[in-house]
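This report concerns only the one structure given below.
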Amino acid sequence: MVTTLITNYPRFVVVEYHVQDAYAEPWGEARGEFYDIWALGIPWFAYDGLWDAWPINTYESKLQQRLAVPTDVTLELSGVELAADTWEFTAEVCVEAGGAGKDMRIYMVQALDKYPVPPAYSRNTFQQAAATEDVTVAAGACAEVVRTFTFDALSMATPEEIRVMAWAQAPLPGIPADVHQAALLAWPFVEGPMFADGFESGDTAAWSATVP
Amino acid sequence: MERSRTHVGVALLALAVIAAAAGDVVAADRTVLMEYFNATW
């Protein structure tokens, strides 16, 4: 089901945390406490930090419902290689000029897709988290959060499955904590520009060719 | 006839201003985050 949603909805970021098993990580267990998952039990699915989306036959309708909620926050994630297994990632978080300034907690995590298998439905399994950073962003302004991840041997064994996600969430101690925007970068983290030399913005100052 | 043209021009200018103002409201595409907790027992 989750794989179907990932396939069908490009504006959808999934982070899977294993809890109380061989693949659990302390940060993921703490994240479960943040959401008080054991009050209802697992599997437990939070959409944008707001509520458990159970039962499974409502996952898609609840995703569509959430996708339709306007946001005034944008988030762009980019990566620069420092070494073969070490990358620096920048999350640029902005509030649109017509929006409302707000305090946000910026999260950045690394996951490994299709791990562990079995079970076959494993997607974007959490591996490590960077320290969060709280930012205050005014309308029309941006903030940058820069973090470095070194990928371990497990991740580097299948680098094509490495995923890095970032999100901007209300800086609260637990659920509900509204996620305003999220982004995902997949290995090799390069998103080349579609156009060059200012073509997209209309700034042609850097153009060297002239039309007779 | 000239006055009508002036009125139409003013009306179009007003519409353009309204459209520009409307374009200034929030318009970002939301990407939804799902955090999924599970175990393989």
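No value in this document is a laboratory result; all are computed from the given coordinates. Values in this document were obtained by computation on a predicted structure and should not be read as measured data. Please note: Cβ atoms are built from the backbone with ideal geometry, for glycine as well, and neighbour counts cover all protein chains shown.
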State whether the residues of the stretch A:69-82 include one that is touching a strand residue (DSSP E or B) at 6+ places or on another chain (Cβ under 9 Å), at the interface with chain B (Cβ under 7 Å from one of its Cβ atoms) and among the hydroxyl-bearing types (Ser, Thr, Tyr). yes
Return the total of residues in the stretch A:40-72 being among the charged types (D, E, K, R) and part of a helix (DSSP H, G or I). 3
Per-region count, the stretch A:21-55, residues facing chain B (nearest Cβ under 8 Å) and loosely packed, with under 13 Cβ neighbours inside 10 Å: 2
Give the residue that is farthest from A:Pro188 (Cα to Cα), with candidates limited to residues of the stretch A:50-93 that are among the charged types (D, E, K, R) and in contact with a helix residue (DSSP H, G or I) (Cβ under 7 Å, 6 or more places away or on another chain). A:Glu60
Conditions (1) of a type in the set (Lys, Arg); (2) away from every other protein chain (no Cβ under 11 Å); (3) within 28 Å of A:Phe189 (Cα to Cα): number failed by A:Lys102: (3)
Is it true that A:Gln127 is surrounded by 13 or more Cβ atoms within 10 Å (Cβ to Cβ), under 21 Å from A:Glu76 (Cβ atoms) and polar (S, T, N, Q)? no
Restricting attention to the stretch A:86-141, report how many residues are within 17 Å of the chain's Cα centre (by Cα), under 22 Å from A:Pro173 (Cβ atoms) and in a loop (DSSP other than H, G, I, E, B). 3
Of a type in the set (A, V, I, L, M) and assigned to a helix (DSSP H, G or I): does that describe A:Leu75? no
How many residues, within the stretch A:10-20, are under 16 Å from the mean Cα position of the chain (by Cα), facing chain B (nearest Cβ under 8 Å) and not acidic (Asp, Glu)? 6
